[in-house]
Amino acid sequence: MDGSAISVRFWGVRGSIACAGPQTARYGGNTACVELRCGGHTLVFDAGTGIRPLGLALAREPAADLDLFFSHTHLDHVLGLPFFAPALTAGRRLRLWAGHLLPAMTLEAAVRRMMTPPLFPVPVETLRADLEFRDFRAGETLRPCTGVTVRTAPLDHPDGATGYRVEHGGRAVAYVTDIEHRPGERAAAVVDLVRGADLMIYDSTYTDAEFVERKGWGHSTWEEALRVADAAGVGRVVLFHHDPGHDDDFMDAVAAAAAISRPGTVVAREGETLTA
């Protein structure tokens, strides 16, 4: 792979709750987790149930520092963290980032609350890696390592969420999940965040027809993803955060319709790797 390229691999593509089974085998049933490789550095976005198989794969590689960025801390995006092999391994360094919690809470406090009996049997101290919790405010620009810039923006979602744009080697990948749009409007901060991105991963939980009865639930539609992409001059769109009620046949229909509306659009599948 070109050293300036960004490799994107999907380890979990569902939203709300994992839904493994024969009806979701082709697209996958794990919740959100996306791996980006920028040169020799690995960035992970969200720690849904998909982060467990990612961790097993990383455990077979030489140990290296990792950056894990949370879009937000609802359970479907954090539940896999206690099962992430690098976090359980002494000597590994893992930076965890969140931009939606300040000033009311910190990311460390949120993770500790999740890993507390009777909801979870063991505490954060079970994670033997060197963990560094980094809270920021959505809208800030982050530089997790040399040659990688991460721009951020707040998203409209219950309890808040953060959208990300990763820039490396002249390429850009945007990760915008758990966002609710307002019909007929484009959020200026989101359009600015994704403008001209080579690849945009976007919350496409519903269809426009379903969205009518799901306003206030904090999610968007695949049709809106394409509208945002057109407004912002995005290259390729990846539809993401599939509703657990949408089986493989439903997703096939979405893929076919999206390909007609905007050729080149991809419906995220577990195990798929794309390059920006």
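The values are calculated or read from the model by the stated rules, or taken from the named source; none is laboratory data. None of the values given here were measured: they were computed from a predicted structure. Methodologically, a virtual Cβ is constructed for each residue, glycine included, from the backbone with ideal geometry; neighbour enumeration extends over all protein chains shown.
Scanning the stretch 1-38 for residues that are of a type in the set (A, V, I, L, M, F, W, C), touching a residue at least 60 places away in the same chain (Cβ under 8 Å), closer than 19 Å to residue 55 by Cα and assigned to a strand (DSSP E or B) turns up 8, 10, 11, 34, 36, 38.
Only a single criterion out of (1) touching a residue at least 60 places away in the same chain (Cβ under 8 Å); (2) over 15 Å from residue 71 (Cα atoms); (3) not basic (Lys, Arg) is not satisfied by residue 42, namely (1).
The condition (being among the aromatic types (Phe, Trp, Tyr) and under 20 Å from residue 18 (Cβ atoms)) is satisfied by just one residue among 83, 69: 83.
Return the only residue of 89, 31, 24, 73 being surrounded by fewer than 21 Cβ atoms within 10 Å (Cβ to Cβ) and not small (Gly, Ala, Ser).
Working: 31 fails: surrounded by fewer than 21 Cβ atoms within 10 Å (Cβ to Cβ); 24 fails: surrounded by fewer than 21 Cβ atoms within 10 Å (Cβ to Cβ); 73 fails: surrounded by fewer than 21 Cβ atoms within 10 Å (Cβ to Cβ).
Result of the check over 89, 31, 24, 73: 89.
Within the bounds of the stretch 111-122, is there any residue that is modelled with pLDDT of 95 or more, closer than 27 Å to residue 197 by Cα and not in a loop (DSSP other than H, G, I, E, B)? Taking every residue of the stretch 111-122 in turn, none turns out to be modelled with pLDDT of 95 or more, closer than 27 Å to residue 197 by Cα and not in a loop (DSSP other than H, G, I, E, B). Based on this model, can you work out whether residue 271 counts as in contact (Cβ under 8 Å) with a residue 24 or more places away in the chain and under 19 Å from residue 176 (Cβ atoms)? Considered against the rule, which asks whether it is in contact (Cβ under 8 Å) with a residue 24 or more places away in the chain and under 19 Å from residue 176 (Cβ atoms), residue 271 comes out as no. Assessment of the stretch 216-235 against the conditions (in contact with a strand residue (DSSP E or B) (Cβ under 7 Å, 6 or more places away or on another chain), surrounded by fewer than 21 Cβ atoms within 10 Å (Cβ to Cβ), closer than 14 Å to residue 194 by Cβ and touching a residue at least 40 places away in the same chain (Cβ under 8 Å)) yields at least one matching residue. The lone criterion from (1) within 16 Å of residue 79 (Cβ to Cβ); (2) in a loop (DSSP other than H, G, I, E, B); (3) among the charged types (D, E, K, R) left unmet by residue 52 is number (2). Considering 87, 104, the condition of being within 24 Å of residue 177 (Cα to Cα), under 21 Å from the mean Cα position of the chain (by Cα) and not in a strand (DSSP E or B) is satisfied by 87 alone. Picking from residues in the stretch 68-84 that are touching a strand residue (DSSP E or B) at 6+ places or on another chain (Cβ under 7 Å) and touching a residue at least 60 places away in the same chain (Cβ under 8 Å), the one that is nearest to residue 176 (Cα to Cα) is 71. Note on the stretch 161-276: enclosed helices (runs of 4 or more DSSP H) holding 3 or more residues that are modelled with pLDDT of 95 or more and more than 19 Å from the chain's Cα centre (by Cα) are 208-211, 222-232, 248-261.
Among the residues of this structure, residue 49 does not count as one that is of a type in the set (S, T, N, Q), touching a helix residue (DSSP H, G or I) at 6+ places or on another chain (Cβ under 6 Å) and crowded, with 21+ Cβ neighbours inside 10 Å. For the stretch 133-146, the condition of being farther than 28 Å from residue 187 by Cα and touching a Lys or Arg at 6+ places or on another chain (Cβ under 9 Å) holds for at least one residue. From the list 26, 52, the lone residue that is more than 13 Å from the chain's Cα centre (by Cα), more than 22 Å from residue 114 (Cβ to Cβ) and of a type outside the set (A, V, I, L, M, F, W, C) is 26. Do we find that residue 243 is touching a His at 6+ places or on another chain (Cβ under 9 Å) and surrounded by fewer than 21 Cβ atoms within 10 Å (Cβ to Cβ) in this structure? When the stated conditions are applied, residue 243 passes them.
If you scan the stretch 115-129, which residues turn out to be without any contact (Cβ under 8 Å) to a residue 40 or more places away in the chain and hydrophobic (A, V, I, L, M, F, W, C)? I'd like the intermediate steps shown before the answer.
So the first thing to find is which residues in the stretch 115-129 are without any contact (Cβ under 8 Å) to a residue 40 or more places away in the chain, and the list is 115-121, 123-125.
Scanning the stretch 115-129 gives 115, 119, 120, 124.
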